[in-house]
Each structure stands twice: as structure tokens, then as C-alpha cells.
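Participant: I'd like to ask you about the structure that follows.
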Amino acid sequence: MKRLQVFEYAIREIATVAEKVAKSGKRVYHLNIGDPAKYDFKTPKNFSQALADASFEGKNFYANSLGVPELRVELSNNLKQLYNIDVSADNILVTTGVSEAIFFLLAGLIENKNEILIPGPSYPLYINYAKFFDGVPVEYELDEENDWEPNTDDLRKKISNKTQAILICSPNNPTGVMYSEKMIKGIIDIAGEYNLPVLSDEIYDQIVYDKPFTCPASLSKDVPLIGLNGFSKAHLATGWRLGYMYYHDPENKLEELKEGIAKLARARISASSIAQYAALEILRNPGTHTNEMVKKLKERRDYSYDRLRKIEGITCVKPNGAFYLFPKFNFKELGEWKDDKEFAIDLLEKTGVCGVYGSGFGEYGKEHVRFTFLANKEILETVYNLLEDFIKK
Ligand SMILES: Cc1ncc(COP(=O)(O)O)c(C=O)c1O
């Protein structure tokens, strides 16, 4: 089926090569998937208990299609408390992960070669779903020379009469960079000028190292903005598949989109009921696990960055959010490899170090490889020794 040919997901594709390498008996160092729950970060006991309790207490039914009402209220309170933004519970829709929220939004915005502006390099799902809905993902440049901040001249140039929305993702996957407040405000202003909504993927909002997260909705007076977030990363619940989207829409410009997406949500029945009831516990008793995780990750970031930047032929911007490094490999200087995909596969096959080739994140990802820094220091040390030797050879 032609429609399905658009789905390319380098993050999983490289995992297939890794499986083969592992079968051959070689140890694989997984720096490819952004799943903290697969490393030494443990989901807090009270969260797991709440999930089990929800089932034992009989919450095993289909939930409300838009989300369990108490959870929507709690999420609304949470947004107020964290970012001082006013989003009423009926402007919140609970989804099966941010992944489903992206699906819903592109389903509601894109058809017939319409365009969506997305950051380049890009999280692959934005590209995949835009194409799936017969649209065109248009990447605006994140400027590596300027710490991967968006190039707003490029962004502006790429707005056309087919553009439906501008998407931002900060802290960003794959670059790990959080945009400055000034930059976010600048993009919101451009969106306002062209009467476009902003989509803001905020899944890494709580995983930040050097400065606090600025919530884009708090900077928007009248520009409509849809925020996307979830429980996967900060709350170590990737496998629960729980996320949400919220509409910041002071002038009610998104009513039609909102109604359309609600219909789609009803058709797919609901997000996991037990996960939603357990999420109430996460929001009411979050504990300190996120801070502890961020503290550990910061050390791992510093170590990884330090090792990477000392390797000749590699340059890297220091990430200040999420858990990715996106170094650039100077293949002209290194000689050996044709491109980032050939390099990443060769590295994996020869050393067991598994990163994701940058071209899997679109045009602007070429010549890069994405590595996570979720693994512990001992593993990271082995990985960077292996990488250093591999490049020297
Ligand atoms: C930027 C970004 N958005 C969305 C997702 C998907 O998250 P979820 O687990 O909530 O579907 C990811 C997962 O890695 C991501 O990096």
C-alpha cells in the first residue's frame, strides 16, 4: 500500500541491525532509543501500585473518549501550577501518548498537499504523519552554528499559502537543545503575523539541565497554541502509552479543529483507562524521582559531551535538555565513510555501539548521529573508548 510506504523510523530500523549484531554474539550498547525506563531509572513504586490498584478496583472499562474527567481537571491544575497558564479541563484531551496527539493533530490539519512547518532536523513522526495525510512536511533550519536555535529567516521564507501550522519542539529531539525564551516568543509572533497556530511538543519539559523550561503558551497572548505532553519520559512510564494535548486558544480560533479531533477521539474509544487513573497518583504525589533522574542525567551528559568533543573529526553542541547528543561527523576529514547511515551501521557492526544515523531525522540531520546518554557512566566510558578507537582506526 503506497500510503504506508511513507513510514520510515530510523530509530527502530537501526534496532533491527542491532538485533542481528546481538545474535552474532557481540554485546550491543543501546544508545539509540529514548526510553529511560530501559536503563537504571525505575518507575516509582507508588506509580506502579496505582496502576495495579486501578485494575483491582475495577477501572477496567473503556474510559471517556476525551479522557477521565478527574485527570483532565488535575492536568489543568498542573499546568497552572507549573507554568501559570489557564487551560480549562475541557481544553484538554487525553491521548495514547504524544504519538497519538501528533496523529490527531496532523489528521485535523493536513490534507491535499497542505504544508506543516517542522524543525529540521526533525523527530521522524512529524514527517511520517504529514506525508501519511497527503501533506508536505517543510523543515525550517535549526542552525547548528547558533546552538541549534531555529533560523527564523528560513522559517519565514518557508511560510506559504498552504502552511497550516508551525511546530516547535523544545527541548528538542534529536539536538537536545532548548530554545531561548526570545526565540520562542519570536516564533509565536511570526505565527500571529500569518494567522497560524503553533504546535508545541513539550515532552521533555521537565528534563532540563541549565535553565528552567519556558512554556510557550505562557508567552502567547492571543496566538492559538496546542501543547503536547505526556507521562512517558519525566514519569518513567513509556510503556503506559499516556499523553495529552491542550488547547491555549484565547480567541476560540481552534473550535472547528477541536471538534474534529474530538470526533476522531470518540471513534478510537479511549486512551488506557487504568493508566489514566494511575496518572492521578503521578500528578498528586510525584515525589522527587524526576529531579533525581535529571541530576544523574546531567552527570552523564557532561561526561559524554566531554568525551565526544575531544575526538578529532567530531563537533557537538552541548545539549541543555532531553537526553540526546547530536554530534556532527566530518566525513571529508575522516575519509572512511560515505554518509551517516553507512557510518552508524559500520560502528554498530564493528563495535556494538548503537546510535541513530542523523539522516533518519530528515535533510538537516545528515552527517550526524544521535546518541542517548541514558546509560550509566561505566557503559558510557566503554562506548566512548570504542568510538574513539573506531574513529582513529
Ligand atoms: C519529541 C517527541 N515527541 C513525541 C514522542 C512520543 O512520545 P510518547 O511516548 O508520549 O508517544 C517522543 C518519543 O521519543 C519524542 O521524542
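Participant: Enumerate the amide H contacts of V136 below 5 Å, restricted to partners 5 or more residues apart or on another chain; note that Pro and chain-start residues carry no placed amide H.
Facilitator: N114, E115, I116
Participant: A further question follows. Tell me, how many Å apart are the Cα centres for region 258-317 and for region 82-122?
Facilitator: Rounded to whole Å, the Cα centres lie 16 Å apart.
Participant: Also, I was wondering about something else. Among the listed pairs K318/K338; K158/K338; K23/K393; K23/K350; K157/K318; K80/K221, give every one whose C-alpha distance is greater than 19 Å.
Facilitator: Over 19 Å apart, Cα to Cα: K318/K338; K158/K338; K23/K393; K157/K318.
Participant: To check you understand DSSP bridge types, tell me what percent of the beta bridges within the chain (both residues inside) are antiparallel, rounded to 5.
Facilitator: Among the beta bridges of the chain, antiparallel pairing accounts for roughly 50 percent.
Participant: Turning to a different aspect of this structure: List, largest first, the extents of the alpha carbons of the chain along their principal axes, each in whole Å.
Facilitator: Principal-axis extents of the chain (Cα, largest first): 59, 52, 45 Å.
A short reminder: the numbers here are calculations on the coordinates, not readings from a lab. Keep in mind that this is a model prediction, so the values were computed, not measured.
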